[in-house]
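Read-outs throughout are calculated quantities, based only on the coordinates presented, and are distinct from any laboratory measurement. Please read all numbers here as calculations on a predicted model, not as lab measurements. We place every Cβ from the backbone using ideal geometry, glycine too, and count neighbours over all the protein chains shown.
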Amino acid sequence: DGAQQGTYIVHMAKSQMPSSFDQHSLWYESSLKSASESAEMLYTYNSAIHGFATRLTPEEADSLMTQPGVISVQPEQQYELH
Amino acid sequence: TTRTPLFLGLDVHNAGLFPETGAASDVVIGVLDSGVWPESKSFSDEGYGPVPTTWKGECEAGTNFTASHCNRKLIGARFFVRGYEGEYGLVDESKESRSPRDDDGHGTHTASTAAGSVVEGANLLGFANGTARGIAYRARVAVYKVCWKKDCYISDILAGIDKAIADNVNILSISLGSINKATDYTDHITIGAFAAMERGIFVSCSAGNFGPSPFSLRNEAPWITTVGAGTIDRDFPALALLGNGENYTGASLFKGEALPAKLLPFVHARKASNNATYGKYCYPGTLIPERVKGKIVMCEEGGNDNVEKGEVVKAAGGLGMIIANRPNYGEELQAYAFLLPAANVGLKAGDIIRQYVITDPNPTASIVIQGTAVNVQPSPVLAAFSSRGPNSITPNILKPDLIAPGVNILAAWTGALGPSGLASDTRRVEFNIISGTSMSCPHVSGLAALLKSVHPEWSPAAIRSALMTTAYSTYKDGQPLLDIATVKPSTPFGHGAGHVSPAMAISPGLIYDLTTEDYIDFLCALKYNQSQIIKVSRGDYTCDPSKTYSVADLNYPSFAVNVDKSDTYKYTRTVTNVGGAGSYSVKVISETTEVKISVEPAVLTFKEVNEKKSYEVTFTVNSSKPPRFSSFRPSGFNSFGSIEWSDGKHVVASPVAISWT
């Protein structure tokens, strides 16, 4: 659809995982699928944060933000060596 | 590194300070950077015992990298590229290694600075020759490649932190920062560092190279140790000779055919270019060969790298180059591996040389490379580029925390790039000399590993406290450390608590400890809402609405007081006795009498180890206007001082920074 995809880091409230899921990663996948059929997980984070990274269009990112348990959806950022 | 261990007092006569076997080689330093060159001698595992049983990391294979490239020194190597490939598409493996292999040199340099094995006869083209070794040369190293040829992306960096925590590193060394300044503590290095701290992992980060401007820091969260850069007692002098008989000392790492033993025609780039605006910077394509051929060229620093300026001058037929420091870098002399006889000079010399080359009817010059000079004084001086406070997110938390060697540091290098880093530089070296807070950070990471090996029970906050309260901010003659940007005394906004002093940090006497809950209380004091707190801490912490939280109560080993009105500002601190029984008396030093600093109680008596005692500091500010003479600095009116506790054997010093905004 031409909309520019970008990488987003998604924070999830781990304690809000529905009981129907027995793994957080499956819950993350399901939440992501609700916002975008085609999006794939780039990373699942377990220690540094609870969440994942994925490629979405801005509209999909907005839609994901409305999913239960989603705390924030933040765009990719550049860093540099000092 | 060569020379730095001696400069830090870690040389042989202090060898007994840190055990060379056992505990010291069970500490694992995780380095988030551009990867590693595993063939470097700095990662030899000769004499190492088996990998610590607690280790869960791996050695990931990829372009030109297999699991056999790891060993009992380099015990982990991973790479994180999906964010980068999301932006640029799949890595072109003919151009960069889709593996932990370091194509840049930066990661090899920082990893070997922190924990490189001993290598005799290390040098760069003969410069800085000596026995190279990492600060914690017995520690193990695990590298997490998160930076790539073109960029570093936070989704990859966060994945690196995530994995390093799961792999069980003890120390995390992060010599990188966000391009844009963070406005709160929810940037992802900060969040990742919080998770690491919770697991007892010490996190040291570079403070950034955006100095000497104030408010120029990166990585300024209180659970991160923010490291600025200073010089050591070694220079690489080069003489700039002028036709009027004058000569000026600059710096250079040029190795090659010397200039002819005579003065050569000398021209300023501005007069050798047809680009009125940018010609003076010696950018590619701006020099006119007819005006440069056979001459020495003066270029102005800024815009492109100094080594690239040299490449431009050489390509235009120039025989040598003199670069004048950019104005705000003052007398700083970083040394560069130029491709032609060249030197960069400080501000004063630059002004004089520029005046000469522009006004003299027949200017001539030459350059003499002088090699390596040691026992240089005064040292350390604060590096001009080292980012400065105040802390722009929380002015009442003093940052940077401390400084460590970060100028002209020799350490291991990649085999994929020459020492200048220029694509045209076909030389290959085992060690290189570069500068930045990227270099000072791994020094502190290494020191933290040494302390961890001696005090495995110490928390990350305890380690940082020991490094800060024993740091020095004056020379042996009592004069304050100099800031090379101004050649005037540095301040705690430049050097934090001061320059690290490892031999003292082992037994600091008292420490300022902090727990996860203390940091959560700090976030509550900043009025973080529930979702922000969950984001930073992943935990289900909540702020107690009935409780009064204050930033001033964060048990930090330094004091920053941001004065917005005449008032009294109270700070509470709790110190833990890690020395023997003793009675500590307080001494308050302040530049200004307009702020009264009182400490209650004035004596703290300890009977046993791990006993805790609290004290309260009251800053009474008579007027909201800054004191008459308080020094106006770009960051506003500031006044400094210190609060020191001593039992006659230990001095537990904390800097005080008072600022009127």
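Of the residues B:Val357, B:Val651, the one with the fewest other Cβ atoms within 10 Å heads the list, and the complete ranking is B:Val651, B:Val357. Placing +1 on the Cβ of every Lys and Arg and -1 on the Cβ of every Asp and Glu, with no other charges, gives the range B:451-537 a dipole of roughly 240 debye about its Cα centre. Taking every DSSP bridge with both residues inside the range B:117-243, close to 35 percent are antiparallel. The amide H of B:Val563, built 1.01 Å from its N in the peptide plane, has B:Ser659, B:Trp660, B:Thr661 as neighbours under 5 Å, considering only residues 5 or more places off or on other chains. Between A:Met65 and B:Val374, the modelled label-to-label distance comes to 5.9 nm, taking each label 7 Å out from Cα in the direction of the beta carbon.
With a ≥ b ≥ c taken as the square roots of the eigenvalues of the C-alpha gyration tensor of chain A, please select rounded if a/c is under 1.5 and otherwise prolate if a/b is larger than b/c or oblate if it is not? Judged from the Cα gyration tensor, chain A comes out oblate (a/c at least 1.5, b/c at or above a/b). Give me the tail of P(r) for the range B:513-631 as a percent: Cα-Cα pairs with distance above 20 Å. Everything past 20 Å amounts to 56 percent. Classified by the C-alpha gyration tensor, the range B:221-354 has a prolate form. Its axis ratio a/c, with a ≥ b ≥ c, is 1.5 or above, and a/b is larger than b/c. Between B:Thr620 and B:Lys95, what length in nm is gained on full extension when 0.36 nm per residue of separation is reduced by their alpha carbon distance? Full-extension gain reported as 182.9 nm.
DSSP beta bridges fully contained in chain B are about 60 percent antiparallel. So, counting K/R as plus one and D/E as minus one, what does the shell of residues with Cβ under 12 Å around B:Gly76 add up to? Result for the neighbourhood of B:Gly76: +4. Spherically averaged projected area of the convex hull of Cα atoms, the range B:297-393: 8.3 nm². Would you please name the trypsin sites (Lys or Arg not before Pro) within the range B:459-530 that are DSSP coil residues with at most 10 other C-beta atoms within 10 Å of their C-beta? Answer in residue order: B:Lys476, B:Lys527.
Assign unit charges at the C-beta atoms only (+1 for Lys and Arg, -1 for Asp and Glu), then state the dipole size of the range B:37-170 relative to its Cα centre in Debye, rounded to the nearest 20.
Dipole magnitude for the range B:37-170 comes out near 400 debye.
For chain B, the longest principal axis of the alpha carbon atoms and the long axis of helix B:437-454 meet at an angle near 40°.
Treating only the Cβ of Lys, Arg, Asp and Glu as charged (+1, +1, -1, -1), what charge dipole size does the protein assembly as shown show about its Cα centre? Round to the nearest 20 debye.
Dipole size: approximately 1680 debye.
Using the Cβ-Cβ distance between A:Glu40 and B:Ser501 with R0 set to 56 Å, the FRET efficiency works out to roughly 0.65. Selection among B:Ala525, B:Ala552, B:Tyr512 by position relative to the dipole of the range B:510-562 gives B:Ala525 as farthest towards the positive end (Cβ unit charges, Cα centre). Computed on the Cα atoms alone, the convex hull of the range B:363-506 gives a volume of 200 cubic angstrom per residue. Shown in residue order for the range B:195-200 are the 3J(HN,Hα) couplings computed by the Karplus curve 6.51 cos²θ - 1.76 cosθ + 1.60 at θ = phi - 60°: 4, 5, 4, 4, 8, x Hz (x for Gly and Pro).
Here the translational diffusion coefficient of the range B:436-522 follows from Stokes-Einstein with Rh set to the Kirkwood radius across Cα pairs; for 20 °C and 1.002 mPa s it amounts to 150 µm²/s. Beta-bridge orientation, the protein assembly as shown: approximately 65 percent antiparallel, per DSSP, counting only bridges with both partners inside.
If you wrap the Cα atoms of the range B:94-248 in a convex hull and average its projected area over all directions, you get 13.5 nm². Counted by Cβ distance under 12 Å from B:Leu217, the other residues give a net charge of +2, where Lys and Arg count +1 and Asp and Glu count -1. Applying the Kirkwood pairwise sum to the alpha-carbon positions of chain B produces a hydrodynamic radius of 25.6 angstrom.
For the range B:154-194, taking Cα atoms only, Rg and Dmax work out to 10.5, 30 Å respectively. The alpha carbon gyration tensor of the range B:519-579 gives principal lengths a ≥ b ≥ c with a/c of 1.5 or higher and a/b no greater than b/c, which makes the shape oblate.
B:His268: net charge of surrounding residues, Cβ under 14 Å, Lys/Arg +1, Asp/Glu -1, itself excluded?
+3
For the pair B:Val487 and B:Ala423, label points projected 7 Å from Cα toward Cβ lie 4.1 nm apart. Between B:Tyr475 and B:Val454, the modelled labels are 2.7 nm apart [label points 7 Å from Cα along Cα→Cβ]. Ellipticity at 222 nm from helices only: DSSP H runs of n ≥ 4 in the protein assembly as shown, each -39500 (n - 2.57), divided by the residue count, give -5500 deg cm²/dmol. Among the listed pairs B:Lys41/B:Lys399; B:Lys476/B:Lys596; B:Lys452/B:Lys587; B:Lys163/B:Lys535; B:Lys527/B:Lys565, give every one whose C-alpha distance is greater than 24 Å. B:Lys41/B:Lys399; B:Lys476/B:Lys596; B:Lys452/B:Lys587, as the Cα separations exceed 24 Å there. Put simply, the amide H of B:Ile323, placed in the peptide plane, has neighbours under 5 Å in B:Cys299, B:Ala343, B:Asn344, B:Val345, leaving out anything fewer than 5 places away on its chain. Averaged across orientations, what area in nm² does the convex hull of the alpha carbons in the protein assembly as shown project? Averaged projected area of the protein assembly as shown's Cα convex hull equals 34.3 nm².
With contacts taken as Cα pairs under 8 Å and at least 6 residues apart, chain B reaches a relative contact order of 14 percent. For B:Ile288 and B:Asn247, the difference between the fully extended length at 0.36 nm per residue and the C-alpha to C-alpha distance is 12.1 nm. Once you reduce the range B:515-529 and the range B:365-392 to the center of their Cα atoms, the two points are 39 Å from each other.
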